[in-house]
Amino acid sequence: MSDSQEYRFQVNLSGMIDILSNHLYSSPRVFLRELLQNATDAITARMDLDPSHRGEVSVELASHGADATLLMQDNGIGLTEEDVHEFLAMIGHSSKRNGTELLGETSFIGRFGIGLLSCFMVSDEIVMLTQSASGGPSIEWRGKPDGTYTIRKLETSLTPGTKVYLRCKPETDFYFEAETVELDLLHYGALLPYPIRLSAGGREQRINPEVPDWIVRPDLAHGSPDEVLRFGEKMLGERFRDFIPLRTSTGRTGGIAYVLPHAVNLNANRSHKVYLKRMLISEQADNILPEWAFFVKCLIWTDELQPTASREHFYENEQLERVRGELGEAIRDALIRMSEQDQARLRRIVELHALSMKNLAVEDDAFYRMIHRWLPFESTYGHKTLGELIDEEQTLYYTATLDHYRQLRHVASAQSMLVVNGGYIYEAELLESLTRILPGIDVRRLLPEDVSLAFTDLNPEERSATLQAARTADLALQRFRCRILLKRFKPEELPALFTLPEEAATLRSIERASEESPQAFASILGSLGGSLQGEASSYSILYLNLNNPVVERLFTGRSTSRLNTLVEMLYANALMMGHYPMSRSELALMNKGILSLIDWSMESEKGE
Amino acid sequence: MDHFEAEFEDLMTEAYGLPNGAAKMALLERAAELADLAGNIEAGYEAREEIVEVGSFGGFPLKAIVAYSWQLGQYDRNPEAYEAHTLHWNYKWVIDDVPSFPDVPAQQIESLLEDLRRRYREYGVSDRTYWYYRFRISMYMGDLDKAGEYLNEFRKLKRDAMSDCSACELDEQVRYLLLTGQDEAAVKKAQPIVKGRQRCAHVPHATLPFLLLPLHRLGRTEEADKLQPESYKLIRDNLTFVHEFGEHIGYLSIVDPQKALPLLERHLPQVEGHEDPLNRMMFYWNAAALLQKLIRTGETFVLNLPPSSRFYDLADNHDELRHKLETEAFAIAQSLDTRNANTYYTEYGKELLKERG
């Protein structure tokens, strides 16, 4: 690279190292990745010249503890004297000139230098011996973290390639231990297409397995499923039972999506292992798949994405967006194919990951259309899949909240209505949009007040017989803004059903909070509640069941002065049965009622 | 009691795993009810603390106000039992939403601001946050002169433990510049946000939608075009951004109305049931502007609304739908203006329709 710039900034190398180690890289451990990356780049460059060349990397560890040393050797392209000067010059440049590229996509030589610098995190001296494949003398470079270095031409000629020697600096010997190095080499280099060997303590071993074909061509993965699953277990530490091959249209990104064998939290971190040009770039890449794909954990390789400066993540750019879209597409297509060809398999996956599937279905009609028959729901007909519920060929009622479902469940079961619990995370939304994907299906939202549609009205005689008592009862509950309605309905064991339209529910919660609030807030709640109060829909309704013997006696029997108290008790009882928290005045009412009941029962005992 | 605790913990754990939204809110409300049924005030407080957060950042301001009122009452009765920092901090979220409700008289908002000032002083922080919220609330109430004065007061004081994050503060100052018609200054001030140097959970989500039209007006159409999809992606799943949905529709109405239709279809059914009248109004106006634009230019288009929507019957009757949205928006504007004793929002709506319709 010819350099037209006349002035250069002097870079304080120790300051730079401090920046690298404390701000850029997540751990000093990455020095090994940087060395491996340098070796890989060098081998790639050599293979560009000579495709028949077979790359090799070896690492040797010697001594223990504070004297430990590490040697990494590659048979890549090597560096000429000029190359060495060039990368040193690159480091000396202000990073401004190339912007973020200093650490991003620079030339091989530039990156090489930066990678080498990262070794100062664990070593106070770097010795590099290198012989360029294009000839010239072998070079020795010795660098120190204070920025001083020496370059020497060697008299003997080495075989082409580069060796880097590191001596551990105080308190970094951990990074030179055989187990650590072995783990990290595998970690970073598992997908490299040439052997990495490690020798330590007189033992030499190959670190990375032969790269299986189906990693490079995921379409082959279905040919050897057991091997794919075993590989996944080794690389991702979980025992999987199912996987989906991934590939983008460019063919420059691919891999395997393993279906997680357990349910996952929607907010959980997604930790896919992603390899850039065969080197591990991240174990926490959470932005390489669409958010909805949380039921898979992936091994992905790519050579079309740009890493961030730390080389631990990818830049969020259009390229990444396209790749993310296409990988998502691959998962979707696989699920669609399963729905056509292998329904048992799909069913197993859906059951395990119902929540995330529902979330996806809410956002994506096409996916919903494909998957809907397998999504599980809770209903008055039991826990069933939506497909099974549709096959009942009944009107599909759903409630908007869990509370509505709980209130209505018994009443609805007694009248054999098919009611689906829509109050659980995404259910109501899904059921609401069901008509959009299945036109003509009879789906209706059921409000507590709608249940009364199935209730029987009283006949004219009954109406006049109960009129007086009904009016008195209505008056008794007026202060709770609750109306009573007398009906006949199943089951007869149920004396009363309390229903709360949405506005009434809001008002109820405002009033209960207001009882507890400081003045400034109580008045605001008063204003907010005030606007709702005028409307009829802000009244709750207490349905009293004339089929119930007690209710029948109370309303059609001899009139009693105790009616008020008894209706209030039925009201309180219905609130409790419906799991409604009670306000202070309602609690007081119940206490008073219970005391009255005790009092009356003792009186009647006296009478006996 | 053990049974209660297990069920309560299950609900809370499940809620923590969800994004801020209706599903999470439903679980938390259920948890609060269980706590109330069991008479467990600490648990009720814990659930409501979450309700306040989800309500403030997930599109349920009324629920947040109600839950917070209850919490504050419990705290006043027994200050030792609860964590003061969070409670004081959350006051800001709640007070910020109150002016959206026209039923709350100006005098009560005033009392609330003074209550916040008193409590904050007792808690040992300066009036900075008080002035900052006066500034914000004056903007919401259409009094931009006052807002400017309060902004100056706020700038005089040093940040402290109750200060909003610097990204949020910057966002509000950008808003002030926009509302006072200073497009260029606003866009410039917003640069750290646009570039991603200033960000938090709420910024740039809440900032970018309001920069689309100013950029367009400044002739920087390419930037606006590029920003629109990026900005929309940040907000589309969160119902706290109703006004922002509207801004996107309004912007698209000017540059590419057909593209705004999917947004309208997606969000109108969500917005019609939204608690916040002010944000609903803003959305309706932008929706009406879009329909007006499409009708005016004679473009053919279809609108697909779900049967559960209040506007379902009008899906094919575009002009009537437009009229209805407009009327409802102006009705809210009227009630806000009456409360605020000005004509700010009514004028705002007319201008908006003129520019975007």
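None of the figures in this text is laboratory data; all of them are computed from the coordinates on show. Every value quoted in this text rests on a predicted model; they were computed, and no experiment measured them. Neighbour counts run over all protein chains shown; Cβ positions are idealised from the backbone, glycine included.
Which whole number of Å³ per residue matches the convex hull of the alpha-carbon atoms in the stretch B:180-259?
Details: hull volume 7.5 nm³, N = 80.
Hull volume over Cα atoms, normalised by residue count, gives 94 Å³.
At a Cα cut-off below 19 Å, give the lysines reachable from A:K163, other chains included and same-chain residues fewer than 8 away excluded.
Straight-line reach from A:K163, under 19 Å: A:K144, A:K153.
Got a sec? Charge dipole of chain B, +1 on Cβ for Lys and Arg, -1 for Asp and Glu; which of B:V52, B:N342, B:L179 is way out at the positive end?
B:L179
Please name whichever of A:L352, A:T162, A:L185 sits farthest to the positive end of the charge dipole of the protein assembly as shown, dipole taken about the Cα centre and charges placed at Cβ: Lys and Arg +1, Asp and Glu -1.
So the residue furthest toward the plus end is A:T162.
Using DSSP loop states and a limit of at most 12 other Cβ atoms within 10 Å to flag chymotrypsin sites (Phe, Trp or Tyr not before Pro), what is the longest stretch of chain A containing no flagged site? Mind showing how you got there, number by number?
On the way: sites that count: A:Y7, A:F9.
Free of exposed loop sites, the longest segment is A:10-608.
Of A:K277/A:K297; B:K92/B:K146; B:K63/B:K158; B:K24/B:K189, which ones are farther than 30 Å apart at the Cα?
Values: A:K277/A:K297 20 Å; B:K92/B:K146 19 Å; B:K63/B:K158 33 Å; B:K24/B:K189 35 Å.
Too far apart for the 30 Å limit: B:K63/B:K158; B:K24/B:K189.
So if R0 is 56 Å, what FRET efficiency would A:T180 and B:L218 give, r being the distance between their Cβ atoms, rounded to the nearest 0.05? Write out the running numbers ahead of the final one.
Values: r = 56 Å, r/R0 = 1.00.
FRET efficiency, A:T180 to B:L218: 0.50.
Please report the antiparallel percentage of the DSSP beta bridges confined to the stretch A:288-421, to the nearest 5.
Details: 6 of 8 bridges.
Rounded to the nearest five, the antiparallel share is 75 percent.
List the GluC sites (Glu not before Pro) in the stretch B:53-127 that DSSP assigns to loop (not H, G, I, E or B) and whose Cβ has at most 16 other Cβ atoms within 10 Å. Which are they? Mind showing how you got there, number by number?
On the way: sites: B:E53, B:E80, B:E83, B:E110, B:E114, B:E122; in loops: B:E83.
Answer by residue number: B:E83.
What lysines does B:K324 reach when the alpha-carbon gap must be under 20 Å and sequence neighbours fewer than 8 apart in one chain are set aside?
Excluding near neighbours in sequence, the set is B:K293, B:K350, B:K354.
Taking the Cα atoms of the stretch A:359-452, report the difference between the largest and smallest coordinate on each principal axis, in whole Å and largest first.
36, 24, 22
Label A:S531 and B:Y312 with points 7 Å out from Cα along Cα→Cβ: what is the distance between them in nm?
In this crude label model, A:S531 to B:Y312 measures out at 2.6 nm.
Could you check what % of the DSSP bridge pairs in the protein assembly as shown are antiparallel, to the nearest 5?
On the way: 60 of 79 bridges.
Counting DSSP beta bridges with both partners in the protein assembly as shown, the antiparallel share is about 75 percent.
Calculate the radius of gyration of the Cα atoms of the stretch A:529-608 to one decimal place, then report Dmax, the largest Cα-Cα distance, as a whole number, both in Å.
15.4, 54
Using packing as a proxy for protection, rank A:113-119, B:299-305, B:46-52, B:230-236 so that the peptide with the highest average count of other Cβ atoms within 10 Å comes first. Walk me through the numbers on the way to the answer.
Details: A:113-119: 22.3, B:299-305: 12.3, B:46-52: 23.9, B:230-236: 17.1.
In descending order of packing, they fall as B:46-52, A:113-119, B:230-236, B:299-305.
Taking a ≥ b ≥ c as the square roots of the eigenvalues of the Cα gyration tensor of the stretch A:213-341, is the shape rounded (a/c under 1.5), prolate (a/b larger than b/c) or oblate? Intermediate results must be reported in sequence, preceding the final value.
Numbers: a/c = 1.37, a/b = 1.32, b/c = 1.03.
Note, shape of the stretch A:213-341 comes out rounded.
I'd like to know which of A:P290, A:H262, A:Q319 lies farthest towards the positive end of the charge dipole of the stretch A:213-341, counting +1 on Cβ of Lys and Arg and -1 on Cβ of Asp and Glu.
A:H262
Roughly how tilted is helix A:343-352, in degrees to the nearest 10 and between 0 and 90, from the longest Cα axis of chain A?
Here the helix axis deviates by roughly 80 degrees.
Kindly put A:T130, A:T380 in sequence by how many other C-beta atoms sit within 10 Å of each C-beta, fewest to most. Could the numbers behind the result be given before it?
Numbers: A:T130 25, A:T380 20.
Ascending number of Cβ neighbours within 10 Å: A:T380, A:T130.
For the pair A:R483 and B:Y16, what calculated FRET efficiency results from E = 1/(1 + (r/R0)^6), where r is the Cβ-Cβ distance and R0 = 41 Å, to the nearest 0.05? Provide the component values of the computation, followed by the final result.
Numbers: r = 39 Å, r/R0 = 0.96.
For R0 = 41 Å, the calculated efficiency reads 0.55.
In deg cm²/dmol and to the nearest 500, what is the mean residue ellipticity at 222 nm of the protein assembly as shown if only DSSP H runs of at least 4 residues count, each as -39500 (n - 2.57), divided by the residue total? Numbers along the way, then the final one.
Values: 39 runs with 507 residues, N = 965.
Rounded to the nearest 500, the figure is -16500 deg cm²/dmol.
Could you size up the charge dipole of chain A around its Cα centre, putting +1 on the beta carbon of Lys and Arg and -1 on that of Asp and Glu, and report it in debye to the nearest 20? Please list the in-between numbers first.
Details: 63 positive and 86 negative charges, 203 e Å.
Using Cβ point charges on Lys, Arg, Asp and Glu, chain A gives about 980 debye.
Which length gain, in nm to one decimal place, applies between B:N342 and B:E299 when the Cα-Cα distance is subtracted from 0.36 nm times their residue separation? All intermediate terms of the calculation are to be shown ahead of the outcome.
Details: separation 43, 0.36 × 43 = 15.48 nm, distance 3.73 nm.
Between B:N342 and B:E299, full extension yields an extra 11.8 nm.
Looking at the square roots a ≥ b ≥ c of the eigenvalues of the Cα gyration tensor of the stretch B:99-164, which shape do they give, rounded for a/c under 1.5, prolate if a/b is larger than b/c, or oblate?
Numbers: a/c = 2.55, a/b = 1.33, b/c = 1.92.
Oblate is the answer for the stretch B:99-164, as a/c is 1.5 or above yet b/c matches or exceeds a/b.
Give me the aspartates and glutamates in straight-line cross-link reach of A:K490: C-alpha distance below 13 Å, same-chain residues under 8 apart excluded.
Those aspartates and glutamates meeting the cut-off are A:D457.
Would you tell me the mean number of C-beta atoms belonging to other protein chains that fall within 10 Å of each C-beta in B:225-238, as a whole number?
Details: counts 0, 1, 0, 0, 1, 2, 0, 0, 1, 0, 0, 1, 4, 0.
Mean number of neighbouring Cβ atoms from other chains: 1.
Report the FRET efficiency, 1/(1 + (r/R0)^6), for B:E184 and A:L467, where r is their Cβ-Cβ distance and R0 is 56 Å, rounded to 0.05.
On the way: r = 73 Å, r/R0 = 1.31.
So the FRET efficiency works out to roughly 0.15.
Can you list the equivalent-ellipsoid semi-axes of chain A, largest first and in whole Å, using the square root of 5 times each Cα gyration tensor eigenvalue?
Working: eigenvalues 1132, 155, 84 Å².
Each semi-axis is √(5λ); the values are 75, 28, 21 Å.
Provide a whole-number value for the mean count of partner chain Cβ atoms within 10 Å of the Cβ atoms in peptide B:13-19. The partial results should precede the final answer.
Working: counts 1, 5, 0, 3, 6, 7, 4.
The per-residue average across the peptide is 4.
Report, for the stretch A:359-452, the % of DSSP beta bridges that are antiparallel, rounded to 5.
Values: 5 of 10 bridges.
Antiparallel bridges make up about 50 percent of those DSSP assigns within the stretch A:359-452.
What do you get for the angle between helix A:318-341 and the principal long axis of chain A? Use alpha-carbon atoms, 0 to 90 degrees, nearest ten.
It works out to around 60 degrees.
Output the 0 to 90 degree angle, nearest 10, between the alpha-carbon long axis of helix A:81-92 and the longest principal axis computed from the alpha carbons of chain A.
40
Would you mind classifying the stretch B:252-357 by shape? Square roots of the alpha carbon gyration tensor eigenvalues, ordered a ≥ b ≥ c; an a/c under 1.5 is rounded, otherwise it is prolate if a/b is larger than b/c and oblate if not. Could you put the intermediate results ahead of the total?
Values: a/c = 2.13, a/b = 1.39, b/c = 1.53.
Oblate, because a/c is 1.5 or more while a/b does not exceed b/c.
Need one value for A:113-119: mean number of C-beta atoms belonging to other chains within 10 Å of its residues' C-beta atoms.
On the way: counts 0, 0, 0, 0, 0, 0, 0.
Across A:113-119, the average partner-chain Cβ count within 10 Å equals 0.
Any chance you could list P(r) for chain B, counting all Cα-Cα pairs in 20 angstrom bins from zero, rounded to whole %?
Percent of pairs per bin, in order: 28, 57, 15, 0.
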